[in-house]
Structures are given as structure tokens and as C-alpha cells.
1. Filter segment 141-183 down to the residues that are in contact with a strand residue (DSSP E or B) (Cβ under 9 Å, 6 or more places away or on another chain) and loosely packed, with under 15 Cβ neighbours inside 10 Å and list them by number.
2. Looking at segment 297-310, is at least one residue out of contact with any strand residue (DSSP E or B) (no Cβ under 8 Å at 6 or more places or on another chain), touching a residue at least 24 places away in the same chain (Cβ under 8 Å) and more than 30 Å from residue 151 (Cα to Cα)?
3. Filter segment 81-121 down to residues that are loosely packed, with under 15 Cβ neighbours inside 10 Å and touching a helix residue (DSSP H, G or I) at 6+ places or on another chain (Cβ under 9 Å) and give me whichever is nearest to residue 353 (Cα to Cα).
4. Taking the conditions exactly as written (in the same structural domain as residue 196 (by TED's automatic domain parsing) and in contact (Cβ under 8 Å) with a residue 60 or more places away in the chain), does residue 348 satisfy them or not?
5. Kindly evaluate residue 179 against the criterion of being closer than 27 Å to residue 321 by Cα and assigned to a helix (DSSP H, G or I).
6. Assess whether residue 376 counts as being in contact with a helix residue (DSSP H, G or I) (Cβ under 9 Å, 6 or more places away or on another chain) and surrounded by fewer than 16 Cβ atoms within 10 Å (Cβ to Cβ).
7. Within segment 72-158, which helices (runs of 4 or more DSSP H) (wholly inside it) include 3 or more residues that are over 13 Å from residue 44 (Cα atoms)?
8. Within segment 44-64, how many residues turn out to be buried (at least 20 other Cβ atoms within 10 Å of the Cβ), free of Cβ contacts under 8 Å to residues at least 40 places away in the same chain and over 11 Å from residue 27 (Cα atoms)?
């Protein structure tokens, strides 16, 4: 296979797996050897979601290292960690069974930072003697991270939602939704299938590409402390997306030069339903907000400064850079509360149990609860390990 053929094959697989990203896509677990590593080479770990493995291997292609692929049921890192599939057991298991301990003379392993909600570093070290080092949020920063001796900048710690990721999210929604609606649509309006696909993909792309325009609206509602499943922010966004979809319907009726009230009304209803499906949990499809389906949305992080010893591990694992270190008091300060997505990484990793979740009614989710119970697809905490 030539270089061009290999590149085209890789591109095609990436497109297919991005379109099917809503579904588990398991890769083979175990040890992957990248380049020509020796006993001093770094050891990294990732999930066994096929698309993630491919991208991690591509990012590491110029680095001599070992890559451990842990069993996460084919789910990506952040979802697997918060859902309990990337956990202590899966990390310990791949360390013990991969043979990595016979290949290196050190006991350091780099885990993705977004694995922090599900993997307890102190448990890994206690049961395997391997020290967990939290890598950058994005694999594109791994070279710089390793070159700087495992040092992370603030930029490397913070999860963002750039255009590339927003387009991927649009594709993630548009493809399966198009297939599902085609099955329903084909029996009644076969001749309109192309228009259906165009409308679904257009609505999805506009929704996510225009995200920076309405992110402040979601942020404002969050600051107001409202936890309604369908608040005023969603209503405004739905009206915006629906207006665009309505414009598409008008253009469609003009192109076919056949304005029929039933045809126009049918497409208006269809476009509104598609917009509603995509917008209904829009916050949860971004890395900047907590899903509206999660029980934890009503909880906030509470920091006990008397327990805090200023280790700064919460700073290292927080994907939204919500914490700062007060060097004078030797404690951590939870400064940017409105940025918090309640992922639980800080709660899980704090060695002194100085952080927990608490709601306005005084109900608490202690570190023990957050570590033992993980979120299922409905956003409820259940035992995973």
C-alpha cells in the first residue's frame, strides 16, 4: 500500500468512525509499541475506542514510546471515565497483563487528563507501584508535554470546543439522525429523501458551527442558577435554529416551484422536530456545560479549606481551570465556579477529601459516593466496578 493509499484509507476510516461516534467502536486492547522504544521510554495509556486509538497513534508516530490500550468497552476517554468504564480495574488490568513491566525500568504511566473522573491515581500506585502522571487534555499537545518533562501549561489543561470538534459533533448527530428519519420517511415521501438529508445536515452543522454565538446565553442561564430541563436559553436557541430551518424550507419550495400548504407545513414541522432533537440536550453535547439529563447538574463543588493541603492535584485534573493555588495560605481556591462542569475529577483525585458536591438544599455527594458510583446514560449514579 502506497503512502497516498494509506492516507486515503486512514481518512476514510476516520470519516466513518466519526459518523458512528455515538456508538461503541472497540479496538484491540493491550500493548502497542510506537517507534523504537527502550527501557527508558515513556509509557502512555488510552481507551480502546477505535477512533481515539488511531488518533493517539498518529500523534505519537515520531515518539519512541509504549502505548497501553485499556478496555473501556469501546467508549471514548471522558465518557468512559465518568461512566465507570475507564476505571481502576481497567488500568491495573492492562498494566499487569500487557508485559509492560518487563520492558521499562521505571514505574511512571501517563494517563489522559480526562480519565481523572474514573481512575484514582492513589489506588493505581498502591496496587501496582506505578505513579500516574496526568497528561494533556488534547493529544496534539503530547509531544510538548513529554519534551517539557511532563509539564502542563494552563492551555494544555483546559478543554475547549474549537471549530474542528464542533463539526465532528455535527456529523455525529447528523448521520445517525438522517438514517433513522430515512427509515420513517422512505415509505411515505421517497422522492424527498435528498431534501431530508440536506435539511438534517444543514440544521446540525448550523447548530454547532454557530455555537460561539449562543454560548453566552447558556452561560448566563447557568450563572442565574436555573436548572430547568428546558429553560429560556434553549427556547431562544431553538427559535434561532428553527428560523434557519424555516428559511431552508422556503428555499426548497421555491426551487421545486410548487408551493403547497401541506408540503410547506410538513417540512416546517419536520425541521422543527429535528431542531428540537439536537437542541434538547445541547449543553451535554459540548465540553463546556453539564448535561441537562444529569442529576449532578444541581450540585456545585464545595472546597473545605481546612482539609486542603495545597497539593494542587485538582488544578492538574480540572478540565475547565476552575482552581488556583493560594501560595500565601498554602491552599487551593475554587475561583471560577461558573466554568465548572461537575465532572468530579477534583473530587475523585483529592487525597485529603477536601472537595465534595453540594446542592442548595444541603444534600451532599461525598468523595466516597463519587468514586464508587458512576453516571449511566440517564445521568444517574450507579455502581460500575
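The values are calculated or read from the model by the stated rules, or taken from the named source; none is laboratory data. Worth saying up front: this structure is predicted, and the values here are computed from it rather than measured. Reconstructed Cβ throughout: ideal geometry from the backbone, glycine too, with neighbour counts over all protein chains shown.
1. Of everything in segment 141-183, just one residue is in contact with a strand residue (DSSP E or B) (Cβ under 9 Å, 6 or more places away or on another chain) and loosely packed, with under 15 Cβ neighbours inside 10 Å, namely 150.
2. Scanning segment 297-310, I find at least one residue that is out of contact with any strand residue (DSSP E or B) (no Cβ under 8 Å at 6 or more places or on another chain), touching a residue at least 24 places away in the same chain (Cβ under 8 Å) and more than 30 Å from residue 151 (Cα to Cα), so the answer is yes.
3. 107
4. Judged against the criteria, residue 348 is not a match.
5. Details: closer than 27 Å to residue 321 by Cα: no; assigned to a helix (DSSP H, G or I): yes.
Against the criterion (closer than 27 Å to residue 321 by Cα and assigned to a helix (DSSP H, G or I)), residue 179 does not qualify.
6. Details: in contact with a helix residue (DSSP H, G or I) (Cβ under 9 Å, 6 or more places away or on another chain): yes; surrounded by fewer than 16 Cβ atoms within 10 Å (Cβ to Cβ): yes.
Answer is yes for this residue.
7. Fully inside segment 72-158 and qualifying: 77-83, 88-97, 121-128, 154-157.
8. Looking only at that region, the number is 0.
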